[in-house]
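Here the structure is laid out as structure tokens; the discussion comes afterwards.
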Amino acid sequence: VLVLFYSKLGKFTVHEYRLALQKKKKIFLYFKIKKGFSPENKTEHEQYGQVLDFKDKVEKENNVLFKQYNTVGEFEKFLKDDLTLYLLQEYGRKDEVLQRILRGSRTYYERLRGENGRFRMLHIEDLILSRTDTKDKWVPQPVSGEDEVYNKDETVITLLPHSWKQSGKHAVIVGDGGMGKTVSLIRLWESLLVKSFSGGPGPRGAGSLKGQSTLNETPCAMHPAQCSHPLAAGGNNKEPVPVFIALNEFNQVKEENRRGFILNYIRENYCDSSTSIEEIWEAMKQPEPEGAFKPRMALLLDGFNEITVEKKELLLEIKRIIEQCPGTRIVLTSRFDMRGQYQWGNWNLVRLLKLGKKQVESYLQEKNLGIPGQARFLELIGNPMMLTLYAATCEVQNKNRESQHCRFKDRVESVGELLWNFMEAQVGNLGERLGEDREMVYYYKFLLKFFLPALGFEMEKAGLFDFTNAQIKGHIDFICKRFSQDDFFNAYAEFDEYVENLPLGEGAHDAERRKRAAKLKRIFCEELHMLVKEGESYRFLHQDFRDFFAAVHLLNEIKMGMVDGQWIPEGMKERCLSYFVRRMMGEIEEEHYAKPYVVEGEGWRSDIPKGNVLHGLVDCCRGKYGEEVGYAVWNVVRTWQEVRGELSGSDLSRLDLSRVVLNGVMCSRLYGGVGGRYLAAVFDGSRVHETNLFPRGHTSFVNSAMYSPSGDKIVSASDDKTI
């Protein structure tokens, strides 16, 4: 705060000076000293006397340093010298905080990529189906930028620094599940660290981090255990300091502690206790280095779509950083583009692209696998996670095709089918590892095909991506009790012989239940590798695994219900299932093959797999209405519609369709024009509400919306003059 007194003691100036003193600001105080100044005007003399009195008071009482000047030139010199010294000291202090954060970033990276870290292997198939020759391979992920044209071989590692130089914008990285959003962000983090600690232009030839893989244009390998750590203790100030934050951890923060989540996360994971929140904030507020065209800090926020609690405090903090931290750039990953929703106009959109055909072929050839010819399957394995899962599964599938424990799907064209085979490959690996110990084989098989699916269902039902230690123990106790009931053994009699070895029942006392839960958590994390422990919470390796296991559990429950008296599972009745779980159910049950097609000379045909569980559930629902079926019919019909793309030829007779919206849904087909072959859905004896057959939305823009007083509806008003 600069305070300048000339010939008068202004009340406003004194007030601001005292306010700065109270707030402990750095104060520069200057007094004009008029040599031989003795004005004839009595008023002017008194006013200047007040200035001198105030100067004496400051000198005696407030212990504030000040300077006296005679000329304007002298004042300019004092001011320049003082500010230069102050700024050098201040920025040096702030740069030291950034250096601390940089060193903390390296330590945190190595912890997450270390032996027990969440990212110890970036590819899921390496972690679960690991072999002695496992390599941490990375297929470089191509991207497209919304605002500029980029090289076709551009990746996040090269695009974002280029974007910072060209436009200086923040960025949102979007892509479907398994497209490599987190992997790309980790690789960017790694790249910035390598540049910072090597001082070189890029990672090639630079020093390595623990757990780092070499980042060449073609897949390359380096196992964490083989890496050395030759880096110096310092860092290169010319590169942005990378700070990686997993946003799913925001879900576990108590509501009263959510304010300042990002700064608290940095202090907790990147700094020691001697660094204050205020120091971190001041360091982040620094402008970009002059002429550097690079930010001082790169804030890497992973998994915006995984936040399931109120986001208000986090959004306010992001807004504050955008407005007050010109030297900080945010890179945020999400499954969807939310810029318009939050009015983030000054953000770039970076979309992860599917792998090209040459990349897929090169990867499969390296694994000694053939190139599949089906267009749909090629589209599927253009997703990096699906490609690596497929490659990892093939070898195990070939070895265990005849195993009584495995039920592989011969035809794979969807995520659900591929994850199913991946689960069966895990069962096959257990058979190899455990050999003739049938009790242990069935123990682990039960955990993988029933217990983990039930845990995934409970997590998805709660709308969470992780469970706290207390939550997971409670759900483990519930699941142990659930599968001890007769309907499970009636449907899956193969486990009868091994019931005493399974983790079932309520448990005699709390100590026994805690010991059981601890054992299961260890197996899920360290042996099956399906869960990851992060701090005090547990999560599935990927959201797709959570949704897949939730779908498997529902199919298990449907089978139990059909065997044990044709009852409809509560999980299918109680709510509308999420799109991702519905899609997984439909793909596991191969509903995409049930899409009708024409065979010349025969007419319409639909390949519905024998023993399809969803069709069995629909048969259970026929002739039942209202609460007796709940949302079960809605969930199945909606699944058919989404996975097949239509309902033509579906048998929807004697069903309660009152909840099912049929407007805009293809329910019939005609082949061959007038007089040709006609295929229609069958609605005989079904309950259909008229409002489900006609459009119910607005015909123009919505101009306002609010919750109804009861909280069960959103009321919208539109330019079409309807509500």
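The values are calculated or read from the model by the stated rules, or taken from the named source; none is laboratory data. All of these numbers come straight from a predicted model, not from anything done at the bench. Please note: Cβ atoms are built from the backbone with ideal geometry, for glycine as well, and neighbour counts cover all protein chains shown.
Do we have residue 689 as of a type outside the set (A, V, I, L, M, F, W, C) and more than 21 Å from residue 413 (Cβ to Cβ) here? So that I can check it myself, show each step before the final result.
On the way: of a type outside the set (A, V, I, L, M, F, W, C): yes; more than 21 Å from residue 413 (Cβ to Cβ): yes.
So residue 689 fits the description; yes.
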Worksheet entry | Restricting the range 536-556 to residues that are under 15 Å from the mean Cα position of the chain (by Cα) and within 12 Å of residue 583 (Cα to Cα), the residue that is surrounded by the most Cβ atoms within 10 Å (Cβ to Cβ) | 547
Discussion item. If I filter the range 623-672 down to residues being surrounded by 20 or more Cβ atoms within 10 Å (Cβ to Cβ) and hydroxyl-bearing (Ser, Thr, Tyr), which single residue comes out as farthest from residue 561 (Cα to Cα)?
Written reply: 648
Worksheet entry | Sole exception among (1) in a loop (DSSP other than H, G, I, E, B); (2) more than 24 Å from residue 580 (Cα to Cα); (3) of a type in the set (Gly, Ala, Ser); (4) at pLDDT below 90 for residue 664, by number | (2)
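Residue-wise test of (1) modelled with pLDDT of 90 or more; (2) in a helix (DSSP H, G or I); (3) of a type in the set (Ser, Thr, Tyr).
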{"residue": "428", "(1), (2), (3)": "no, yes, no"}
{"residue": "444", "(1), (2), (3)": "yes, yes, yes"}
{"residue": "449", "(1), (2), (3)": "yes, yes, no"}
{"residue": "453", "(1), (2), (3)": "yes, yes, no"}
{"residue": "459", "(1), (2), (3)": "yes, yes, no"}
{"residue": "464", "(1), (2), (3)": "no, no, no"}
{"residue": "474", "(1), (2), (3)": "yes, yes, no"}
{"residue": "479", "(1), (2), (3)": "yes, yes, no"}
{"residue": "488", "(1), (2), (3)": "yes, yes, no"}
Fill in: Unmet requirement for residue 679, which otherwise passes all of (1) under 33 Å from the mean Cα position of the chain (by Cα); (2) not in a loop (DSSP other than H, G, I, E, B)
(1)
Worksheet item: Filtering the range 239-289 down to residues that are surrounded by fewer than 18 Cβ atoms within 10 Å (Cβ to Cβ) and of a type in the set (Lys, Arg), which residue is nearest to residue 188 (Cα to Cα)?
Response: 285
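Inside the range 327-348, can you point out the residues that are of a type in the set (Val, Ile, Thr) and more than 18 Å from the chain's Cα centre (by Cα)?
At the first step, the residues of the range 327-348 found to be of a type in the set (Val, Ile, Thr) are 328, 330-331, 333.
Selection gives 328 alone.
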Discussion item. Considering only residues that are modelled with pLDDT under 75 and outside any loop (DSSP other than H, G, I, E, B), which ones fall in the range 6-30?
Written reply: none
Fill in: Matching residues in the range 522-543 - criterion: being part of a helix (DSSP H, G or I) and in contact with a Leu (Cβ under 7 Å, 6 or more places away or on another chain)
523, 524, 525
Worksheet entry | Filter result (more than 30 Å from residue 418 (Cα to Cα) and either at pLDDT 75 or above or in contact with a Phe, Trp or Tyr (Cβ under 8 Å, 6 or more places away or on another chain) (or both)) within the range 133-160 | 159, 160
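From the list 345, 327, 303, exactly one residue is in contact with a helix residue (DSSP H, G or I) (Cβ under 8 Å, 6 or more places away or on another chain), within 30 Å of residue 580 (Cα to Cα) and at pLDDT below 90. Which is it? Spell out the reasoning first.
Values: 327 fails: within 30 Å of residue 580 (Cα to Cα); 303 fails: at pLDDT below 90.
Step by step, each of 345, 327, 303 is checked, and only 345 is in contact with a helix residue (DSSP H, G or I) (Cβ under 8 Å, 6 or more places away or on another chain), within 30 Å of residue 580 (Cα to Cα) and at pLDDT below 90.
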Worksheet entry | Test result for residue 599, β-branched (Val, Ile, Thr) and surrounded by 15 or more Cβ atoms within 10 Å (Cβ to Cβ) | no
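State whether one or more residues within the range 380-391 are within 30 Å of residue 431 (Cβ to Cβ), touching a helix residue (DSSP H, G or I) at 6+ places or on another chain (Cβ under 9 Å) and among the β-branched types (Val, Ile, Thr). Even if it seems obvious, please write down each step before you answer.
Just the residues of the range 380-391 that are within 30 Å of residue 431 (Cβ to Cβ), to begin with: 380-381, 383-391.
Now restrict to residues that are touching a helix residue (DSSP H, G or I) at 6+ places or on another chain (Cβ under 9 Å): 380-381, 383-391.
With the extra rule that they be among the β-branched types (Val, Ile, Thr), the set shrinks to 381, 388.
Taking every residue of the range 380-391 in turn, at least one turns out to be within 30 Å of residue 431 (Cβ to Cβ), touching a helix residue (DSSP H, G or I) at 6+ places or on another chain (Cβ under 9 Å) and among the β-branched types (Val, Ile, Thr).
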Practice prompt. Inspect the range 620-642 for any residue being within 17 Å of residue 585 (Cα to Cα), in a helix (DSSP H, G or I) and hydroxyl-bearing (Ser, Thr, Tyr) and give the result as yes or no.
Written response: yes
Worksheet item: Could you list, in sequence order, the residues of the range 669-700 that are touching a strand residue (DSSP E or B) at 6+ places or on another chain (Cβ under 7 Å) and either at pLDDT 90 or above or at positive phi (or both)?
Response: 680, 681, 682, 687
Item to complete: Consider only pairs whose beta carbons are under 7 Å apart and that are at least six residues apart or on different chains; among these, list those whose first residue lies in the range 435-457 and is not assigned by TED's automatic domain parsing to the domain that holds residue 468 and whose second residue is crowded, with 19+ Cβ neighbours inside 10 Å and of a type outside the set (Asp, Glu).
Response: none
Worksheet item: If you scan the range 524-544, which residues turn out to be more than 12 Å from residue 118 (Cα to Cα), hydrophobic (A, V, I, L, M, F, W, C) and touching a strand residue (DSSP E or B) at 6+ places or on another chain (Cβ under 9 Å)?
Response: 524
Fill in: Criterion: under 26 Å from residue 538 (Cα atoms), in contact with an Asp or Glu (Cβ under 7 Å, 6 or more places away or on another chain) and surrounded by fewer than 20 Cβ atoms within 10 Å (Cβ to Cβ) - qualifying residue of 335, 376
335
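Can you tell me which residue is farthest from residue 170 (Cα to Cα) among those in the range 350-379 that are of a type in the set (A, V, I, L, M), in contact (Cβ under 8 Å) with a residue 24 or more places away in the chain and assigned to a helix (DSSP H, G or I)?
Restricting attention to the range 350-379, the residues satisfying the condition of being of a type in the set (A, V, I, L, M) are 350, 352-353, 355, 360, 364, 369, 371, 375, 378.
Now narrow it down to the ones that are in contact (Cβ under 8 Å) with a residue 24 or more places away in the chain: 350, 352-353, 355, 360, 364, 369.
Subset that is assigned to a helix (DSSP H, G or I): 360, 364.
On the way: 360: 31, 364: 36 Å.
Restricting to residues being of a type in the set (A, V, I, L, M), in contact (Cβ under 8 Å) with a residue 24 or more places away in the chain and assigned to a helix (DSSP H, G or I), the top hit is 364.
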Worksheet, complete the sentence: Over the range 229-252, the set of residues touching a helix residue (DSSP H, G or I) at 6+ places or on another chain (Cβ under 9 Å), outside any loop (DSSP other than H, G, I, E, B) and at pLDDT below 90 is 248, 249, 251
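Of all residues in the range 430-441 being in a helix (DSSP H, G or I) and charged (D, E, K, R), which is surrounded by the most Cβ atoms within 10 Å (Cβ to Cβ)? Don't jump to the end; show me each part of the working.
First, the residues of the range 430-441 that are in a helix (DSSP H, G or I): 430-434, 438-441.
Those left that are additionally charged (D, E, K, R): 432-433, 438-439.
On the way: 432: 11, 433: 12, 438: 15, 439: 12.
Among residues in the range 430-441 that are in a helix (DSSP H, G or I) and charged (D, E, K, R), the one surrounded by the most Cβ atoms within 10 Å (Cβ to Cβ) is 438.
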